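Data first, discussion second: the structure below is written as structure tokens.
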Amino acid sequence: MASRTQIVCLCEGAKGASIDAVFINKLMRTLRPGWIRPAGTNYLRIEPCGGRKGVIAAMPDQLRHCLDAGSDTTLMVWADCDDDCANGDALKDMLWKEADESGITRDDFDRVVFILPKDRIENWIEFLTTGNTDESKEGPRVRHNRNAADAAKKLALMCRQNKAVDNMPPSLQWSCKNWRALVERMKQT
């Protein structure tokens, strides 16, 4: 099955027990980027890895698998910065350290798309639902998958419109920049 996958998403949480996978799945399937396989194929694989440490540990091997699958496969890493990481760049440095120690080249590492909420993805859902959030504290827990899916659809619409949004959380702006870089790279291939 992995050979048919074009986007592999590592994320926090346990399979079936986290809204992260629901949010990611709905976002990616709603975005339907032009370079992915036609609808109906297995173009998206979500790999829950437990906590952030699990994501960091799994990233080098998953990147190798993506590279072995060919240029059509992209690895996305979704992980929370939490209170011990100042921002996405700090967490990306932690991921690079693990990748470097595992023998991943910098060029290969730079192919990864990093989507890194400051505290939890719930802050993004709060912003997408209410128009405001404070990333210095945890957003309210999302108890229903429908709320996560609706917020993801709204984010996909914002991405398609490519318009500036007032009051967007800094970690969401940072992550959107990484997504746009992937879009540009795929346009060139």
Need the failing condition index for LEU155 against (1) surrounded by fewer than 20 Cβ atoms within 10 Å (Cβ to Cβ); (2) more than 21 Å from VAL55 (Cα to Cα), just the number. (1)
Restricted to the stretch 158-176 and to residues being out of contact with any strand residue (DSSP E or B) (no Cβ under 6 Å at 6 or more places or on another chain), surrounded by 12 or more Cβ atoms within 10 Å (Cβ to Cβ) and not hydrophobic (A, V, I, L, M, F, W, C), the residue farthest from ALA17 (Cα to Cα) is GLN173
Hits in the stretch 118-148 (condition: small (Gly, Ala, Ser) and in contact with a helix residue (DSSP H, G or I) (Cβ under 8 Å, 6 or more places away or on another chain)): GLY139, ALA148
Which residue is modelled with the highest pLDDT, if the candidates are limited to the stretch 70-103 and must be crowded, with 17+ Cβ neighbours inside 10 Å and of a type in the set (Gly, Ala, Ser)? ALA99
Exactly one condition in (1) of a type in the set (D, E, K, R); (2) over 19 Å from the mean Cα position of the chain (by Cα); (3) at pLDDT below 95 is false for ARG106; which is it? (3)
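Conditions tested, residue by residue: (1) more than 13 Å from the chain's Cα centre (by Cα); (2) closer than 30 Å to THR73 by Cβ; (3) assigned to a helix (DSSP H, G or I).
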| site | (1), (2), (3) |
| --- | --- |
| ILE125 | yes, yes, yes |
| GLU135 | yes, no, no |
| LEU157 | yes, yes, yes |
| ASN167 | yes, no, no |
| ARG180 | no, yes, yes |
| ARG185 | yes, yes, yes |
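The values are calculated or read from the model by the stated rules, or taken from the named source; none is laboratory data. Since the structure is predicted, the reported quantities are computational estimates derived from the model, not experimental observations. FYI the Cβ positions are ideal-geometry reconstructions off the backbone, even for glycines, and counts take in every protein chain you see.
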